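The values are calculated or read from the model by the stated rules, or taken from the named source; none is laboratory data. Every value quoted in this text rests on a predicted model; they were computed, and no experiment measured them. Neighbour counts are summed over all protein chains in view; Cβ atoms, including those assigned to glycine, are modelled from backbone coordinates with ideal geometry.
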Amino acid sequence: MRLLKSILLIAFLCSCGSAAAAAGGEVPAVAAASDLKFALEEMAAQFRVATARDVKLVFGSSGNFYRQIQQGAPFQLFLSADEGLVFKLADAGKAEDRGRLYATGRVVLFARHGSALKVDAQLAGLKAAVALGAIRRFAIANPEHAPYGRAAEQALNKLGVWDALRGKLVLGENVSQAAQFATSASAEGGIFAYSLALSPQVAALGQYVLIPEDLHEPLHQRMVLMKGAGTTARAFYEYLQEPIARAAFKRYGFVLPGEG
């Protein structure tokens, strides 16, 4: 009898603990496009200090997150690199509303130190390297589900080098992985997010130049709360619109709404 009472007491305490966590002490999962890795980690740390609350950041490609959320993945907040995916989730009844634009992204052409690829504002070095057959491997994010990969494909098409490079592409699952490939010794370079190129870890490995905005469609990035989001997720959503967060977005090369 004593054993049974002990078991019931433990079960009761566990259920109380779970209920308390659900009531407001939960750590919500946040799905975030990979271009946000360094910027959002900084903001989450600031949020933790300011509010004594925490969020679990999960980085990946926006297209993959869209499919996961459609299938019931328990994310409470989604920061997409493609605002069209947020609109689709809203239309499907998965999101609270159509969200808010938080930034517009930029892409860079990157060449690691010692590469045969030379970077310049006119992108003449890329065209020359392609014409000479000097590029063996070139990294971009997978255009099928990564907005930054689509932007890279569009830019390479407009430059007239897509067909020549297609068989030499190394595709990252997301733009962060594309940056890893582009900075490795196995590739001459690649195209990835400006926000990642600005990080000291990446900038130390090579040189980069901004790709003109008219070479690809705008990377309008939108965030949205999922249906049933908790108080911490809502607080973080609001925090990302505060001046301190906007300043962090700007430091990492994003163009802010109203400042384009």
Next item on the list: Select from region 215-256 the residues that are crowded, with 17+ Cβ neighbours inside 10 Å and in a loop (DSSP other than H, G, I, E, B) and list them in ascending order.
Entry: H216, A229, G230, L240, Y252, G253, F254
Note to self: For region 177-206: of the residues being surrounded by fewer than 24 Cβ atoms within 10 Å (Cβ to Cβ) and touching a Gly at 6+ places or on another chain (Cβ under 9 Å), which is modelled with the lowest pLDDT?
What the structure shows: A185
Notebook entry, point to check: Could you list, in sequence order, the residues of region 201-220 that are aliphatic (A, V, I, L, M) and either in contact with a strand residue (DSSP E or B) (Cβ under 9 Å, 6 or more places away or on another chain) or within 21 Å of S61 (Cβ to Cβ) (or both)?
Noted result: V202, L205, V209, L210, I211, L215, L219
Margin query: So, in region 97-124, exactly how many residues are under 30 Å from M223 (Cα atoms) and of a type in the set (A, V, I, L, M)?
Written below: 5
Notebook entry, point to check: Is region 230-251 home to any residue that is hydrophobic (A, V, I, L, M, F, W, C) and without any contact (Cβ under 8 Å) to a residue 24 or more places away in the chain?
Noted result: yes
Next item on the list: Please verify whether region 175-193 includes one or more residues that are of a type in the set (S, T, N, Q), within 16 Å of P143 (Cβ to Cβ) and under 13 Å from the mean Cα position of the chain (by Cα).
Entry: yes
Notebook entry, point to check: Restricting attention to region 17-43, which residues are at pLDDT 95 or above and not in a helix (DSSP H, G or I)?
Noted result: V27, P28, A29, V30, A31, A32, A33
Item checked: Qualifying strands (runs of 3 or more DSSP E) (wholly inside region 130-200; at least 1 residues being under 23 Å from G63 (Cβ atoms) and out of contact with any helix residue (DSSP H, G or I) (no Cβ under 6 Å at 6 or more places or on another chain)) -> 169-172
Next item on the list: Would you check if there is a residue in region 96-117 being assigned to a helix (DSSP H, G or I), modelled with pLDDT of 95 or more and crowded, with 23+ Cβ neighbours inside 10 Å?
Entry: no
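Hey, does region 34-57 have a residue that's touching a Gly at 6+ places or on another chain (Cβ under 8 Å) and not assigned by TED's automatic domain parsing to the domain that holds R150? Spell out the reasoning first.
To start, the set of residues in region 34-57 that are touching a Gly at 6+ places or on another chain (Cβ under 8 Å) comprises 34-35.
Of the ones still in play, those that are also not assigned by TED's automatic domain parsing to the domain that holds R150 are 34-35.
Checking region 34-57: at least one residue is touching a Gly at 6+ places or on another chain (Cβ under 8 Å) and not assigned by TED's automatic domain parsing to the domain that holds R150.
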Next item on the list: Determine if region 217-239 includes at least one residue that is farther than 30 Å from V55 by Cα and at pLDDT 95 or above.
Entry: yes
Checklist line | Flag for A121 being in contact with a Pro (Cβ under 9 Å, 6 or more places away or on another chain), in contact (Cβ under 8 Å) with a residue 12 or more places away in the chain and at negative phi | finding: yes
Next item on the list: Select from region 44-84 the residues that are among the aromatic types (F, W, Y) and not in a helix (DSSP H, G or I) and write down the one among them that is surrounded by the most Cβ atoms within 10 Å (Cβ to Cβ).
Entry: F78
